[in-house]
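Q: First, the structure itself, so that you have it in front of you.
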Amino acid sequence: MRNGSWPDALGAALARIKRRGYGHFAKGTMMALKKLVAGNWKMNGLSSDLAEIKAIADAARDFPAVDVALCVPSILIERAARAVPNFAIGGQDVHFADKGAHTGCVSAQMLQDAGAVLTIVGHSERRDAQRESNDEVRAKAQAALSCGLEVILCVGESLEQRESGDAVKVVERQLDESLPKGDCSHLAIAYEPIWAIGTGKVPTVGDIGEMHVALRQRLIARCGEPGSGVRILYGGSVKGSNAAEIFAVADVDGALVGGASLKAADFIPIVAAAAEAA
Ligand code: PEP
């Protein structure tokens, strides 16, 4: 622990993160939004990886034009948040209930209590393996937002849906049904085609652009003008070598990064590309 009690240290860290611009999701309508590059560590990371988290946080400080976050396994959140108090640490999922008989689950308040400032919800690996429905994802997003966490809500189509020409329709529907009601200023959307996650395959920039524009229109239809300030991230095999091309696409306001977020050497070039595109 650095100075003062743990809650004091956390409060100070949150204040610093807010001052730095993290969480200012609602920006001017036609202006480019501040890019957000978030890493999803999935089920990777032990105490011995805290040094890598620190390396990422230290290097990210060189790119103040970009918001950078790491979503780590819930059991690592508290140690990571203590190790890098000025840096946004998040969870990868949250339960929709406040508390109760939900063995093995983690509530929004627990994430926050551990030091998280954001969480992912609706990742396709959970929608698939845990059979999470759009209703459940919406309830999770709602619970996290109500608790004061920033939320990255994931949507994306399967290869079959892409190949049958239904991708935009499917993803728009997913968004409509997963989007929490009310204020969207602490929300980001991650468009992650399922077939691009961890495969090295990436949609064409034309397909990414088409989807992001469609999502932007749905966000504005649902949230009104504040929908133009919701960041829409692309996720799926983003690397240092393809990030610049992806960030150049209209309405791509950052990236959700899996495999390439585990090492500073792979992740920071993506952050640098986002800074370059800012
Ligand atoms: C992800 O799982 O959110 C993801 C985008 O993974 P990857 O970057 O490894 O494709």
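Any read-out appearing in this document is the output of simple, stated calculations on the displayed coordinates, not a laboratory observation. Remember, it's a predicted structure, so these values are computed and weren't measured experimentally. Note that we place each Cβ from the backbone using ideal geometry, even for glycine, and neighbour counts take in every protein chain shown.
Q: How would you rank 147-157, 204-214, highest first, on the average number of other Cβ atoms within 10 Å across their residues?
A: Per-residue Cβ counts within 10 Å, averaged per peptide and sorted highest first, yield 147-157, 204-214.
Q: Return one quarter of the surface area of the convex hull spanned by the alpha-carbon atoms of the range 6-277, equal to its mean projected area, in nm².
A: Dividing the Cα hull surface by four gives the mean projection, 13.0 nm².
Q: State to the nearest 20 debye the size of the charge dipole of the chain about its Cα centre, where the only charges are +1 on K and R beta carbons and -1 on D and E beta carbons.
A: About 740 debye.
Q: Report the extension gain between residue 101 and residue 225 in nm, rounded to one decimal, defined as 0.36 nm multiplied by the number of residues separating them, less their alpha carbon distance.
A: 40.7 nm
Q: Taking the square root of 5 times each eigenvalue of the Cα gyration tensor, what semi-axes in Å does the equivalent ellipsoid of the range 94-192 have, largest first?
A: Taking √(5λ) for each Cα gyration eigenvalue gives 25, 15, 11 Å.
Q: Normalised by the residues of the chain, what does the relative contact order come to in percent, with Cα pairs under 8 Å and at least six apart?
A: In percent, rounded to a whole number, it is 22.
Q: Hey, another quick one. What is the dipole size for the range 150-248, taken about its Cα centre, with +1 at each Lys and Arg Cβ and -1 at each Asp and Glu Cβ, in debye to the nearest 20?
A: 140
Q: Another question, if that's okay. So in the chain, which Cys have no other cysteine's beta-carbon sitting under 4.7 angstrom from theirs?
A: Lacking a cysteine Cβ partner under 4.7 Å: 71, 105, 147, 154.
Q: Count the lysine pairs in the range 6-277 whose Cα atoms lie under 16 Å apart, taking only pairs 8 or more positions apart in sequence or on different chains.
A: 11
Q: If you don't mind, another one. Suppose R0 equals 30 Å. What FRET efficiency, 1/(1 + (r/R0)^6) with r the Cβ-Cβ distance, do residue 129 and residue 47 give to the nearest 0.05?
A: 0.70
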